[in-house]
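The values are calculated or read from the model by the stated rules, or taken from the named source; none is laboratory data. Model, not experiment: these values are computed from the prediction. Backbone-built Cβ (ideal geometry, glycine too); neighbour counts: all protein chains shown. For accessibility, only protein heavy atoms count, side chains too; no ligands or nucleic acids. Shrake-Rupley method; radii C 1.70, N 1.55, O 1.52, S 1.80 Å.
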Amino acid sequence: MFKESVYINRRNQLRKDVGSGIILLPGNDESPMNYADNTYHYRQDSTFLYFFGINRPGLYAILDTEQGIDVLYGDDFTVEDFVWMGKQPTIADEASLAGVKETRNLKGFYQTIEKALNAGRKIHFLPPYRSEITLKLQDILGIPAKLIPDSGSIPLIQAIVSQRSIKSDEEISEIEKAVNTSVDMHVAAMKMVRPGMKELEVASEMEKIALNGGGFLSFPVIATINGQTLHNHFHGNTAKNGDLFLLDCGAETAMGYSGDLSSTFPVN
């Protein structure tokens, strides 16, 4: 995380730019692969990360533009969770690192939203990109799911774009870290590709380098001799003498800043 003052200043600016009402920022949840406890790699919502820096599932944040306060909502892990995960920090512990003084459980979140709706207050939210967030917003706000994507707050969208379009020195440092690891990935691929090698051998090495960089992949690796097909995630071909190899991949830092590079080079 950055210093707590970074997140405090970002949220203060956001409340000022939006003007009135409350701002609802849902974090992402875990996404199961084949059963509830076997999940895909967790990735927090980028906007939530930008304003809170907390990489933990199951959270909501509310920024009250008129009262000038921020509240983080979620349920703490239980002893049953500790059996599998080890001792975990409380939500209040993590919130304090982002300069948030008030936390409440999920029951308190629904009560806060209900109170705001009954008072006729404007609730600002972003158009969701995950279906489960769409369904949650339907449940929370009483807006039909099919209308949620077009019901996002224009003032909130504009305010967030205005902030995130300009990168601070701390952010530039994170981006450079991600790009440097991404460069390492591409140079390694250029050195290792030989006729007779499977595309999957290259793809797996790219993931290894990204993980060794302390983060993860920015997106699924595209490593293919069939570069004429965009976003080709099939890695079953064997590279042959005379082929060109397309690599499109990048690394993401632990804080969520990413590199994204493309290169094409001869197999031989």
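What number of residues within region 32-57 are small (Gly, Ala, Ser), touching a residue at least 40 places away in the same chain (Cβ under 8 Å) and more than 16 Å from residue 99 (Cβ to Cβ)?
Adding up the residues that qualify gives 1.
Residue 165 versus (1) among the hydroxyl-bearing types (Ser, Thr, Tyr); (2) free of Cβ contacts under 8 Å to residues at least 24 places away in the same chain; (3) surrounded by 18 or more Cβ atoms within 10 Å (Cβ to Cβ): which is the lone unmet condition?
So the condition that residue 165 fails would be (3).
Take residue 237 and tell me if it is open to solvent by less than 50 Å² (accessible area, probe 1.4 Å) and free of Cβ contacts under 8 Å to residues at least 60 places away in the same chain.
So residue 237 passes the test.
Quick check on my filter: what residues within region 188-222 are open to solvent by 60 Å² or more (accessible area, probe 1.4 Å) and either under 15 Å from residue 234 (Cα atoms) or assigned to a helix (DSSP H, G or I) (or both)?
Within region 188-222, 190, 191, 198, 200, 201, 204, 207, 208, 211, 212, 220 qualify.
Right, residue 72: open to solvent by less than 60 Å² (accessible area, probe 1.4 Å), free of Cβ contacts under 8 Å to residues at least 40 places away in the same chain and assigned to a strand (DSSP E or B) or not?
Yes.
Which pairs turn up if I take residues in region 132-147 that are among the aromatic types (Phe, Trp, Tyr) and look for partners that are open to solvent by less than 60 Å² (accessible area, probe 1.4 Å) with beta carbon separation below 7 Å, at least 6 apart in sequence or on another chain?
Listed pairs, sorted by first residue: none to list.
Out of the residues in region 102-127 that are open to solvent by 60 Å² or more (accessible area, probe 1.4 Å) and touching a residue at least 24 places away in the same chain (Cβ under 8 Å), which is farthest from residue 3 (Cα to Cα)?
117
State whether the residues of region 40-49 include one that is over 18 Å from the mean Cα position of the chain (by Cα), among the charged types (D, E, K, R) and either under 28 Å from residue 174 (Cβ atoms) or in a loop (DSSP other than H, G, I, E, B) (or both).
Within region 40-49, none of the residues are over 18 Å from the mean Cα position of the chain (by Cα), among the charged types (D, E, K, R) and either under 28 Å from residue 174 (Cβ atoms) or in a loop (DSSP other than H, G, I, E, B) (or both).
What number goes with the only condition from (1) surrounded by 14 or more Cβ atoms within 10 Å (Cβ to Cβ); (2) at pLDDT below 95 that residue 18 does not pass?
Against the list (1) surrounded by 14 or more Cβ atoms within 10 Å (Cβ to Cβ); (2) at pLDDT below 95, residue 18 comes up short only on (2).
Here are some residues: 262, 258, 204. Which one is closer than 22 Å to residue 171 by Cβ and under 23 Å from the mean Cα position of the chain (by Cα)?
258
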